[in-house]
Structures are given as C-alpha cells and as structure tokens.
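What follows is a set of notes on a single structure, which appears directly below.
The values are calculated or read from the model by the stated rules, or taken from the named source; none is laboratory data. All of these numbers come straight from a predicted model, not from anything done at the bench. Every residue, glycine as well, gets a Cβ built from its backbone with ideal geometry; the counts of neighbours run over all protein chains shown. Ligands, DNA and RNA are excluded from the accessible area calculation, which covers all protein heavy atoms including side chains. Shrake-Rupley method; radii C 1.70, N 1.55, O 1.52, S 1.80 Å.
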Amino acid sequence: MKFNRRNVYISPKAMLGRNVRIGDNSSIYDNVEIGENTIVCNDTVIGEPMGGYYSDPGYENPHCVIGPDSMIRSNSIIYAGCTIGRAFSTGHRVTIREKSVIGEHCSIGTLTDIEGDVKIGNYCRLHSNVHISQTSAMGDFVWMYPYSVMTNDPYPPSYDIKGSYIGSYTQVCVHAVILPGVQVGENCLIGANSVVNKRLKDFSLATGNPLKVLDIRKYAVIGKGKLYPWMYRFDRGMPWQGIGFDAWARQQESPK
Amino acid sequence: MKFNRRNVYISPKAMLGRNVRIGDNSSIYDNVEIGENTIVCNDTVIGEPMGGYYSDPGYENPHCVIGPDSMIRSNSIIYAGCTIGRAFSTGHRVTIREKSVIGEHCSIGTLTDIEGDVKIGNYCRLHSNVHISQTSAMGDFVWMYPYSVMTNDPYPPSYDIKGSYIGSYTQVCVHAVILPGVQVGENCLIGANSVVNKRLKDFSLATGNPLKVLDIRKYAVIGKGKLYPWMYRFDRGMPWQGIGFDAWARQQESPK
Amino acid sequence: MKFNRRNVYISPKAMLGRNVRIGDNSSIYDNVEIGENTIVCNDTVIGEPMGGYYSDPGYENPHCVIGPDSMIRSNSIIYAGCTIGRAFSTGHRVTIREKSVIGEHCSIGTLTDIEGDVKIGNYCRLHSNVHISQTSAMGDFVWMYPYSVMTNDPYPPSYDIKGSYIGSYTQVCVHAVILPGVQVGENCLIGANSVVNKRLKDFSLATGNPLKVLDIRKYAVIGKGKLYPWMYRFDRGMPWQGIGFDAWARQQESPK
C-alpha cells in the first residue's frame, strides 16, 4: 500500500542499495546514498537541499549517507550533508539538519528536531520531541525523553555558540534542559524539568531548578535494590543482550 | 479545493460511511472504518500499518474505527488498531499510535503525540503538543495544555512501564509532567511547569517542583468567587450546556 | 528538483508576484497574495481554509498576504486571514492559524505553532517549537527559544481568554512560560524553565519557578563585561548592522 511509486522523485544522482524501498510521495535528492535493506516510508525527504540550492545556479548537494538496515518513518526530513550509521530508525516528522553525524543503531522519535552540526554516538535513543541545538554532541547509549533540550547560546542572542555534551549511558528525563556549553558526565540521570547549569561528574543524579546533585550509585528502591548504572538490569536491543554488560565491555576493551 | 481525489489512496478493504470526504494526498489503509459525515482532510493517513507490515507477507492490518461526525485535520497519522468515538476532531500533524481507545467528543490539538495503548475517556481536550506515553489513561472531561506530558518509565530505561492516570474534570497546565504510575484524582488543577511525583486526591491544586498541594475548592479570585470545580461556570461544547452541570449529572445517574 | 509543478494546486483566485516559486505537492488557496521573489517550498499550504469552508456553500476564503522576498520551508501551513510582511522565513512544519499579523523580517522555526489572532512585530525570531496562544502579542526584535509558551487562559477552562504581551528586544529562553494576561517589559531576559506570573518591568532578568527578578543591566560576565541590552554586541541580520544600534535608533526617531 505504501510502495506504489506514486508521486516519488528519486534523483538520478542518488545511489540506492539492494532492497531499498522508497514510499509514495517521497523525494530522494542528489548525492544521497542509502544502504541496502533500508526502508524510506511515504512523504519523506532524504538529502533536503541547503540554502544555496535556491539561489546558486552552481549549487551541488552535499553527500548524504543513510546506513543499511534502517527504517525512516513517514514525513521525516533529513538534510544533505548528514552521515548516519546502520540500523537507524526514526518516528514520524523527524527533522535532521545538515552535517549531523549519527552513529549506528540509533533511534530518533516522532517530531524530534536535530538542528545541524550535531554529533550523536552509537545506540542513542532520542524519544519523541527532543530538541538538539547546533554543535551539541553526545556519547553512546544516551537516552533522551520528550521535550528535553540541549541548548547552545550562553547569552542570547550571541555569537558565542557553544553546544553542550552528554556522556555515554546518561539518561535525560522529560523537559530537562542542558544549558549551553555544559558537560554532563557518563552514567548520569537528569530529572524531569531540571535545568543543568554546571558540569556534572560521572554518576550524578541531578534534579530540579535550582539543580541538586547526588550520587546515583547510592539510589536504591525497596524490593529492587540499586538501579544505576542501568546496564546491569536492561539489555533489550543493547549489544550486551544475552551476555551481560561486563562481558560485553571486556570484549570492547580487548584487542581485536 | 481540498477534495479533488488528487493522489488519494483508499484501500478496497476500507469501509467509508455516507458523506465521508477524503482530502487530496491522503491514504486510507486496509480495515479502516470511518463513520458517516466524517471529514478526513488532505495529507492524512488513517490505519497506518504497524511494524509487521514491512516484513511479514501475511500481515493483516488491525481494524481501525473513526466515529461519525468527526474532523481529522491535515497531515495527521492515526495507526491501525485504534478505536475512536463520534464527534472526534484533531488539529494538524497529530500522531496516534496503535491500539489507543478514545471516547466520544474528544479533541486532540496540532502536533499532539499519543504513543499507543492509551485510554482516553469522553469529552477530553488535548491542546497542541501534548505527549501521552504508552499505557497512560484518563477519565472524562480532562483538559491538557501544550507541552504537558504523561510519562511511564519510573527508572529509565526499564522494563517496568507503568502509565499514569488522570481523573475526570482535571486540568493539566502547560509543561506539567505526570510522573510514571502516578494517579491524579478528579477535579484537580496542575500548575504550569510542575512535576507531579505522588498520588493526588480529588480537588487538589498542585503546583511547582517540588510540588505543593492545596485544596482547589478554597481557591477564589476577587470579583469572581470560587472558580473550581469549573463545570459550574463553563459549558461551551459540554453536554450540560444550557441545562447546568447538576441537572446533567443527575441525568447520568438516573436509570435509563 | 523541488519545483517541477508536480501535484501542485494553485487557485485561479490566488495572486502570485513576479518570480514566485511554488514547490511540488503544495496548495495555494483562494485569495492568497504572495509578494515577488518569495519561495514556497514543497508540501506547503498557504491560505488554509477556516471551518466554514467545510459546511458553508457560500464560504469565501479570507484574504491572506505573504510579503515579498520570503522563504516558506516545506510542510508549513499558513491559514487564510493572515498578513505577513516582507522577508519572512519559516522552518519546516510551521503552523500559523487565521488572522495572525506578522511584521517584516520575522523568522519562525520548525514546528512552531501560532494559534491565531496573534500580533508579532518586526524582526522577531521564534526558534523551533514555540507555542503562541490566541490573542498573544509581542513588540519588535523579540526572540523566543524552543518550547517557550505564551498562554492565554487564567483559570482553565474559562471564557476570559487574555493573551500575554512581550515587549521589544526581550529574550525568552527554552521552556519558559508567560502566564495569561501578563505584560513583559522591553529588554528583559526570561530564564530557562521559568514561569512568569507577574508584570515585568523593562530590563528584568527573571528566572525560576517561583520567579526571581533582578535588573539585567547589572549582569556582567568576567572578560565580557555587561551583556544586556544585547543590541550593542549583536547585529547579524539586524537593521543596525554596520552602523551600530544608537545610530540606527536615532534614525528611527528623526522625522523622515
């Protein structure tokens, strides 16, 4: 029903791998490269051109790579100049601006808006309606929840744009804000509606506005015990599934 | 202008009632049933298929019902498996995931994102950009305002997903968050940017983060008097319009 | 690639200026007037009809004006009855409801939702995902950041809708909420996640919930000095670019 080649535009300069499917009403622009088995659903744009397209007769669309085994859901817009790794998936109406680099096995939820020049590691999960401002970056296995924001302008409006950074394994709950230039450590938990206005060490539990910071490793729930780091109790879709986090981590460290 | 049958897909397995209108560029998938006089505007998808559609050759789209006298505005996506009552209306770009059940006379605003397995009663009004996570539920006459959120994961990420619940007549103001598994009573008012981290009794006025809770029945404004419960001073579009809330409530209680 | 007249609808009652370009899959409804050199990208609707269109056989679409030299990015919806000045630009999926009036040189970011009957001055910049409720208004050079909100209902739900107002040059940071009917002065800075529940004088620095208010003119950063008013250190795209704010301001005051 979705793949009837109805109202589809595919540039002759796009390169589609084996078994790539392009949904109805979608457009694939110049210099897009899509890896094999990837599904691009209906009403989606891959390789959205940058500003020069509208005014410069010599405009050449920057290269845009979507990895294999990915699923781009409908109405998403991914700009030219992005590089996205394998097994990527999106919800609906996602926007990813130019020159963003996203690792492997990432998932970006419905309505999430990634502004450009952003770096996202592997296995990150941005839920619905997350906003990532330009020049922000994060490590691997970072999860962000709805309406959480990474900001970049310390005295708006200014020329001193300075993205923030979120370390690996950190969880950022709904409506939390990371202020410009702030470095958040690994394995932190940022509470709902909190405003992170200072550097956070690894294993911080940071909540509220003004921000209160505790050590997440001391956080336990009756009948459940210690809950963080979370990698010892959650493995669905994670590369340590079945073998345990420590065994997987040792594999990562050993020479190949 | 909107109803020219331009670039429309309607499955032969869809059932459209009398006077149903389908806008240009819209798709109605298998096993969708739309009640009479309903308008589906342009660029809209009803019965969006679930994941199995892309991989399972024997995939059958679950039944999706949209009640009569409804208005689905443009660019909305309603998944297969949803059941929605009569006189439903949406803004633009609404997303409703699979297996959600929505009662009669509900209205869902522009960009609102309902994640799936959600239960919404009758006469609920979700304004623009509300986010409802999976397994959340609410009673009747609940109003939620922009960027308010119902969450479901108590220690993210976890396997212990537990939607929250909002009782009938409760109002949830902008940017308020209901934490996972929390039960909010009837006739509450949740203030802007507050974080509801505990069970709230009926008639709670809950504001801030950390949360402060008062009795809403004591809240009065000079020149206006007591304002809550709101059903005694507001009836536009409500079933007690013209007869008053008490008279209507008595009708509900009496045997038919 | 975007301008192939593929699946485009342009009403014979629309007036398009010289060099106007309309992207594929876009619709321009009755009584829309678009100024010269404006680009309307793909999948965009200008002059979206109001409710009467669906039921009233004599419905006439209200006049909608988009100024010259504008750029409307894809998937935006601008309702009939809006008047928007020259050099306007939008991100993707912007919604602007009926009867809103927007000045010159304004920019509205991706997913921003303007509800109708809103007044926006000149050179305002609303970033991604801002929500402006009905009857809200702002002066000139106002910047609003993601998930900031102007609200309008003091005791929801009520009939006493009362938009708030933001004075010229004021900056409203992420997730900030202006409560209904509140007047914010000129040259203020509203901090992230704050709730503005009272009138703010010019030059207020307002942060938090509950709100704390200081004088922004006393705010200085080591090595940078005083940062506000910001017009003395930032001029990109502003009319005082190259000549300085004071010189420009004097020009505005002098008789022409």
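Please tell me the relative contact order of the range C:114-255 in percent, rounded to the nearest whole number, where contacts are Cα pairs under 8 Å and at least six residues apart.
13 percent
Entry note, chain C: relative contact order of 8 percent, from Cα contacts under 8 Å with a spacing of 6+ residues. Label-to-label distances for A:Lys201 across copies, nearest first, come out at 4.2, 4.2 nm, using points 7 Å from Cα in the beta-carbon direction.
Listed by chain and number, the lysines whose alpha-carbon sits under 23 Å from that of B:Lys162, ignoring those within fewer than 8 places in the same chain, are A:Lys224, A:Lys226, B:Lys99, B:Lys119, B:Lys198, B:Lys201. Computed over every Cα-Cα pair of the protein assembly as shown and binned at 10 Å starting from 0, the pair-distance distribution P(r) comes out as 3, 14, 24, 28, 21, 9, 2, 0 percent.
Anisotropy class assigned to the range B:168-256 is prolate, per the alpha carbon gyration tensor with a/c at or over the 1.5 cut-off and a/b larger than b/c. What is the distance in Å between the Cα centroid of the range B:117-192 and that of the range C:177-236? When both Cα centres are located, 32 Å separates them.
Which residues, if any, in the range C:24-44 lose at least 40 square angstrom of accessible heavy-atom surface (probe 1.4 Å) when the other protein chains sit next to their chain rather than the chain being alone? Residues shielded by partner chains are C:Tyr29. I'd like the distance between the alpha-carbon centres of the range A:64-106 and the range A:18-52, rounded to an integer number of Å. Distance between centres, Cα-based: 10 Å. Quick one: net charge around C:Pro229, please, counting Lys, Arg +1 and Asp, Glu -1 for every other residue with C-beta under 13 Å from its C-beta. Neighbourhood net charge equals -1. The listed residues B:Glu104, C:Glu48, C:Glu60 rank as C:Glu60, B:Glu104, C:Glu48 when sorted by accessible area, largest first, using a 1.4 Å probe.
Take the range B:191-256 with all the other protein chains still there, run a 1.4 Å probe, and you get 64 Å² of accessible area per residue.
DSSP beta bridges confined to chain B are antiparallel in about 10 percent of cases.
Ignoring aspartates and glutamates fewer than eight residues from C:Lys13 along the same chain, the ones with Cα atoms less than 15 angstrom from its Cα are C:Asp30, C:Glu33, C:Glu48, C:Glu60.
Within the shell of other residues whose beta carbon sits under 11 angstrom from the beta carbon of C:Gly185, the net charge comes to 0, with Lys and Arg scored +1 and Asp and Glu -1. Only aspartates and glutamates eight or more places from A:Lys212 in sequence, or on another chain, were considered; those with a Cα closer than 16 Å are A:Asp202. When a 1.4 Å probe is rolled over the protein heavy atoms, the share of accessible surface on the range A:139-256 that falls to carbon and sulfur comes to 52 percent.
With its label point defined 7 Å out from Cα along the Cα-to-Cβ axis, C:Ala220 lies at 5.1, 5.1 nm from the matching points of the other copies, in increasing order. Using just its DSSP H runs of length 4 or more, each adding -39500 (n - 2.57), the protein assembly as shown gives a mean residue ellipticity at 222 nm of -1000 deg cm²/dmol after division by all residues. Once the gyration tensor of the Cα atoms in the range B:1-156 is diagonalised, the equivalent ellipsoid follows with semi-axes of 24, 19, 14 Å, ordered largest first. Taking the DSSP beta bridges with both ends in the protein assembly as shown, the antiparallel portion is around 10 percent.
Take C:Tyr219: with every protein chain present and a 1.4 Å probe, its accessible area is about 80 Å². Legend: Rg and Dmax of the range C:98-256, from Cα coordinates, 15.8, 51 Å. At a probe radius of 1.4 angstrom, the accessible area of the range B:1-156 per residue rounds to 30 square angstrom.
Restricting attention to the range A:163-242, close to 40% of DSSP beta bridges with both partner residues there are antiparallel.
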